[in-house]
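Reviewing the structure listed below.
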Amino acid sequence: MVSADIKPIFTPKDYKSDQAVRWCPGCGDHALLNSLHKAMSELGLESHNVAVISGIGCSSRLPYYMNTYGFHTIHGRGAAVATGVKVANPNLSVWLATGDGDCLAIGGNHFIHAVRRNVDINIMLLNNKIYGLTKGQYSPTSSRGFVSKSSPYGTVEDPFIPAELAFGARGTFFARCIDVDLPNSVKMLVAAEKHRGTSVVEIFQNCVIFNDQIHKTISERLTREETTIQLVHGEKMLFGKNKDKGIIVDGWNLKAIVVGEDGYTIEDVLTHDAKTLDNTLHQKLALMNPENGLPMALGVIRAVEAPTYDRSIEDQVKAIQEKRPIRKLRDLLLTGEVWEM
Amino acid sequence: MTDQTIVKDVENVVVLFSGDSGDGMQLSGTIFSNLSAVSGNQISTFPDFPAEIRAPQGSLSGVSGFKLHLGSRIYNSGEQADVLVAMNPAALKVNVDKLKSGSIIIYDIDSFSEKDLEKAKFKTQEPFAELGVKGLQLVPVAITTLTKDSLADFEIDAKSKAKCKNMFALGLICWLFNRPLDFVNHMLEQKFKKKPQIAQANLKVLSDGYNYGQNTDTSVSTYRVETVSCEKGYYTDVSGNRATAYGLVAASEKSGRPLFLGSYPITPATDILQELVKLKELGVKAVQMEDEIAGISTAIGAAFAGNLAATSTSGPGLALKSEAIGLAVMAELPLVVIDVQRGGPSTGLPTKTEQTDLNQALYGRNGESPVAVVAATTPTNCFDSAYWASKIAMEYVTPVILLTDGYIANGSSAWKIPDLAEYPDIVPHDVSLFDGENWNGYTRDEGNLARYWASAGTPGFTHRLGGLEKDYVTGAISNGAANHQKMIDARQGKIDKIADSIPLQELFGDEEAELLIIGWGGTYGHLQEAVDKMNRQGKKTALMHFQFINPVPRNTGEILKKFKKIIVAEQNNGQFAAFLRRKFDFDGVDFSQYNKIEGQPFSVIDLMNSFTKKWEEK
């Protein structure tokens, strides 16, 4: 007999469905799917207590490859469907697989409002800066001037930076990882699930067909350690192959320095505080970019506690039920303006 | 000199309470309406609020009215009024063309000063002459002054005193209709339970208003309105929107499934959301979302998690929800979509009523996307219709569109508080009913063609749904040609099979009648009255009024075959007529049409004139 307090042990395979995965060979979605299976097994989630929701796009096929409850919905509306699932049953672990087009173009409104409400769902934002399923149009995260099938002379619009949107919507959790970096992806997904509230994990994902190497600067194995920084709460912001580079505050800005050079010591290097309510520094960190001489921030950039929408709804119902004993419609109606005939 | 007063016996009467938004006419109207119901009258009411949120005091756009139809044959909230209470010149002007000849106008002479007349855009000091009013019985009463005098000894502020004048008007009306005041006293005591002084002031003014009528005015005859006996039980006054909300709650209670509403405010449907957010003690989760699409999307999510899920909206919102309804069709999830129809297209006439969304409900989606459609017929029938819509949704695992309209949604009537034991059971088509092997998310019950509903979170039944076409057997994504046809047929077949479980179509009137009138939804009251009057005039006419639109009840064709002359009457350009023609394209059935789209309920006289013409046709 298995005692009730012994948790069953799960393996990544337990979360795999019997469907053949049909993303292009080399697509970053494969890697993320593996990370997700692994994260769920680490979390020990029972598959029937997991609901994976998605919108439309390449990455939104993901629920079909999960041996959990899954729902492939319509373009852009996944965040709203996931909100409904979570409010109806707050005990479920609810995940949203979405892309940059699905989440930030057609679904932008639902994204910001889900984040604002702090619904306890995990949003996996697979950002490949391109529309893949429709074969190569620019997306809301494509850089200005980006040439694509729908912008043959380059785009004339600026992109969203997803972190800015999430912080603008007063998000409580934002993390980043790179599709091919499995260990850190798993870490981010585990952290996202553990966070109570809307967790946004931006995954820099490569579209091997229509936007190959778009994240090359930060994903290349050889240079990755120089162009990115893995932020860890409570730890010094150090990066580089030898962890000899650090982030410091310089006036209103952040600056990358080499410890021991130009008079900088380890004391000058910032310690990451993901839990501070003020998101000013989190914004600054999220805006760092190799293009402006700073490493791309990866890891959990922000994770603050706040009431969640789904539990708040439950709590309100409970609080009112404690005060009022009526549970049947007829009894309730009889307490109103009623006459007997 | 009461004994000299002539008492007029009448079958039905329409009373119109009208004044400035702040004059408390809704309260006077509601109390008198409940009093009439208690006295044994049938009642039907309709509020007429100003469109502006805060219209200038005394202006035409600031007039707030309450219409009450009471008597023994009440099918709707009435048309031309017999009695008008006008608290100011604007109220008189706005309503003057809504009066029968010979009707009584009780008006507050204190509020007919030069300035008041100016605010109501009168050019002269003779409002009645200016309006060309003739043949009406004018009863000028100094309501404001008399109210003030009545409360001379009360130690409450002047503003609170002035607010009591609606009770003086109510007292007058109670006298006019020979109503004892006991019930009103009781209602006022209840209403102002926490403010005993205000309660006493209201009671005093009410009683003085009554006595004023009795003692001073013998020039008008008072009324005795026919009563009817009704079923024993507890009654309350309910509007269509509230009844809709309660119908969902009742279905939730009966089925054991928690109720979820995802919605977004829109006129004239907002009251459904506002009612359901109150009912937390009953465990209802009702959420206001960021837009119409999120409203329905959260509901779809809640349905996936096993709730009775609904979304409420009006025409423009239904348009926004189209794609999501298609998803619910494809994913085969239970969902109730409530469309309180208003004037369209586009923003149209938000506060007016129409039946122009039928095509949108039936056909407004991409692909072959059949849904069940139910249409509520009266304010109280909104309860039954919402109950049935929920029952169909959960038993056939399908979206159902419930059509109501601005007229029945805002109108109200007396309603016997239902005993749910008398309502049919609701047995959700849950996966626990499945007793075969190799279940998947799309495994279908070959009996009613519904798939089995497995709530996310249920051990052993993980599955994936989605908007992509699925294989009939395995539930996996499929592009197969024959499979697509089979799935299209299954989804249509499921909707058709709903006809097995809905009540048969009723026919009001004689099967041998020369003329059959067909209607659907919220026009029931006016059509019934018109048909009733035709029959009383000896022109035999029958009415077939539809609550179940898609599918129609099984016996519809049988009834149709019995009639040579048929008129389909609706507030659109013939949407239901076209639907029926497509379905019942057999010899000898010819559907004529009566269509009126003015944003107003049908006029019974117009209906009768048109029906009589057809009736007389050789």
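Laboratory data are not the source of any read-out in this text; all were calculated from the coordinates shown. On a predicted model such as this, the values are computed, not experimentally measured, just so you know. FYI the Cβ positions are ideal-geometry reconstructions off the backbone, even for glycines, and counts take in every protein chain you see.
Odds and ends about this structure:
- Qualifying aspartates and glutamates (Cα of each under 13 Å from Cα of B:Lys497; at least 8 residues distant if same chain): B:Glu395, B:Asp445, B:Glu446, B:Asp489
- Estimated from the Cβ-Cβ distance and a Förster radius of 22 angstrom, the FRET efficiency linking B:Lys565 and B:Glu506 is about 0.65.
- With 10 Å bins from 0: P(r) over segment A:235-341, alpha-carbon pairs, percent: 12, 29, 16, 9, 10, 10, 9, 4, 1, 0
- Estimated [θ] at 222 nm from DSSP helical runs (n ≥ 4, -39500 (n - 2.57)) normalised by residues in the protein assembly as shown, nearest 500: -10000 deg cm²/dmol
- Acute angle (nearest 10 degrees) that the helix A:309-323 long axis makes with the longest principal axis of chain A, alpha-carbon atoms: 30
- Relative contact order (percent, whole number), chain B, Cα cutoff 8 Å, 6+ residue spacing: 11
- Label zone at B:Asn595 (point 7 Å along Cα-to-Cβ), backbone N below 13 Å, segment B:395-431: none
- Sorted fewest first by neighbouring Cβ atoms within 10 angstrom, A:Arg144, A:Arg196 come out as A:Arg144, A:Arg196.
- Extension gain for B:Ser221 to B:Asp97 (0.36 nm times residue separation, less C-alpha to C-alpha distance): 42.4 nm.
- Shielding by partners - mean other protein chain Cβ count within 10 Å, residues of B:244-250: 2
- Counting every alpha-carbon pair across chain B, the share separated by more than 32 Å comes to 53%.
- Label point distance in nm, A:Arg144-B:Asp425, each placed 7 Å from Cα along Cα→Cβ: 6.8
- Rounded to 10°, Cα long-axis angle of helix A:108-117 versus longest principal axis of chain A: 70
- A dipole drawn for segment A:58-194 from +1 and -1 charges on Cβ atoms has a positive end, and of A:Cys177, A:Gly84, A:Val156 the residue lying farthest that way is A:Gly84.
- Estimated FRET transfer efficiency when R0 is 30 angstrom, pair B:Ser72-B:Leu138 (beta carbons, to 0.05): 0.60
- Peptide-level mean, for A:318-330, of C-beta atoms on other protein chains within 10 Å: 4
- Computed over chain A: relative contact order in percent, which uses C-alpha pairs under 8 Å that are six or more apart: 15
- Spatial separation of Cα centroids for segment A:65-89 and segment B:219-236, in angstrom: 54
- Size descriptor, Kirkwood hydrodynamic radius, that averages inverse alpha-carbon separations across chain A, Å: 21.5
- Two numbers describe the Cα atoms of segment B:236-422: Rg and Dmax, which are 14.6, 44 Å.
- Pairwise centroid distance, computed over Cα atoms, of segment A:228-291 with segment B:478-529, Å: 68
- Total formal charge among the other residues, if their Cβ is under 11 angstrom from that of B:Gln42, Lys/Arg +1 and Asp/Glu -1: -1
- Taken over segment A:130-198, the alpha-carbon convex hull comes to 110 cubic angstrom per residue.
- Between the C-alpha center of segment B:133-198 and that of segment B:45-75 there is a gap of 19 Å.
- Bins of 5 Å, starting at 0 and running to the largest distance - Cα pair percent for segment B:351-425: 3, 14, 21, 22, 19, 12, 7, 2, 1
- Percent of Cα pairs exceeding the 17 Å cut-off, where the set is segment B:515-616: 47
- Local charge for B:Leu318 was computed over the other residues whose Cβ lies under 14 Å away, with Lys and Arg +1 and Asp and Glu -1, and equals -4.
- In nm, spacing of pseudo-spin labels at B:Lys232 and B:Asp496 (7 Å Cα→C-beta vector): 4.8
- Annotation: aspartates and glutamates with alpha-carbon distance below 12 angstrom to A:Lys216 (same-chain offsets under eight excluded): A:Asp179.
- In a simple Cβ point-charge model (Lys, Arg +1; Asp, Glu -1; nothing else charged), chain B has a dipole of about 400 debye relative to its Cα centre.
- Once the Cα atoms are used to define both axes, helix B:165-176 deviates from the longest principal axis of chain B by about 90 degrees.
- Calculated FRET efficiency, B:Lys194 to A:Glu314, Cβ-Cβ distance, R0 = 25 Å: about 0.20 to the nearest 0.05.
- Given charges at Cβ of Lys, Arg, Asp, Glu: segment B:515-616 dipole, positive-most of B:Phe602, B:His526, B:Phe584: B:Phe584
- Note on the protein assembly as shown: Kirkwood radius taken over Cα pairs, Stokes-Einstein applied at 4 °C and 1.567 mPa s, translational D equal to 41 µm² s⁻¹.
- Averaged over peptide B:280-288, the number of partner chain Cβ atoms lying within 10 Å of each residue's Cβ comes to 6.
- Rounded to the nearest 20 debye, dipole of segment B:515-616 from Cβ charges on Lys, Arg, Asp, Glu: 300
- With K and R counted +1 and D and E -1, the other residues having a Cβ less than 14 Å from that of A:Gly57 yield a net charge of +2.
- Residue order, fewest to most surrounding Cβ atoms within 10 angstrom, among B:Cys382, A:Cys103, A:Cys24: A:Cys24, B:Cys382, A:Cys103
- Placing unit charges on each Cβ (+1 for Lys and Arg, -1 for Asp and Glu) gives chain B a dipole about its Cα centre, and among B:Val38, B:Ile296, B:Gly24 the Cα reaching farthest toward its positive end belongs to B:Gly24.
- When each of A:Lys194/A:Lys275; A:Lys86/A:Lys236; A:Lys323/B:Lys321; A:Lys243/A:Lys275; A:Lys194/B:Lys278; B:Lys533/B:Lys564 is checked by Cα-Cα distance, pairs over 25 Å: A:Lys86/A:Lys236; A:Lys323/B:Lys321; A:Lys194/B:Lys278
- Straight-distance candidates among the aspartates and glutamates for linking to B:Lys614, with alpha-carbon spacing under 20 Å and chain neighbours fewer than 8 residues away dropped: B:Asp510, B:Glu511, B:Glu512, B:Glu514, B:Glu529, B:Asp532, B:Glu570, B:Asp587, B:Asp590, B:Asp606.
- Pair B:Ile156, B:Thr351: separation of 7 Å Cα→Cβ label points (nm): 2.8
- Kirkwood hydrodynamic radius over Cα pairs of segment B:2-225, then Stokes diffusion coefficient at 25 °C and 0.890 mPa s, in µm²/s: 140
- Each peptide in B:516-529, B:180-193 was scored by the mean count of other Cβ atoms within 10 Å over its residues; highest first, the order is B:516-529, B:180-193.
- Packing here is the average count of other Cβ atoms within 10 Å per residue, and on that basis the peptides B:491-499, B:127-135, highest first, run B:491-499, B:127-135.
- Here the protein assembly as shown is treated with +1 on each Lys and Arg Cβ and -1 on each Asp and Glu Cβ, and its dipole about the Cα centre works out to around 440 debye.
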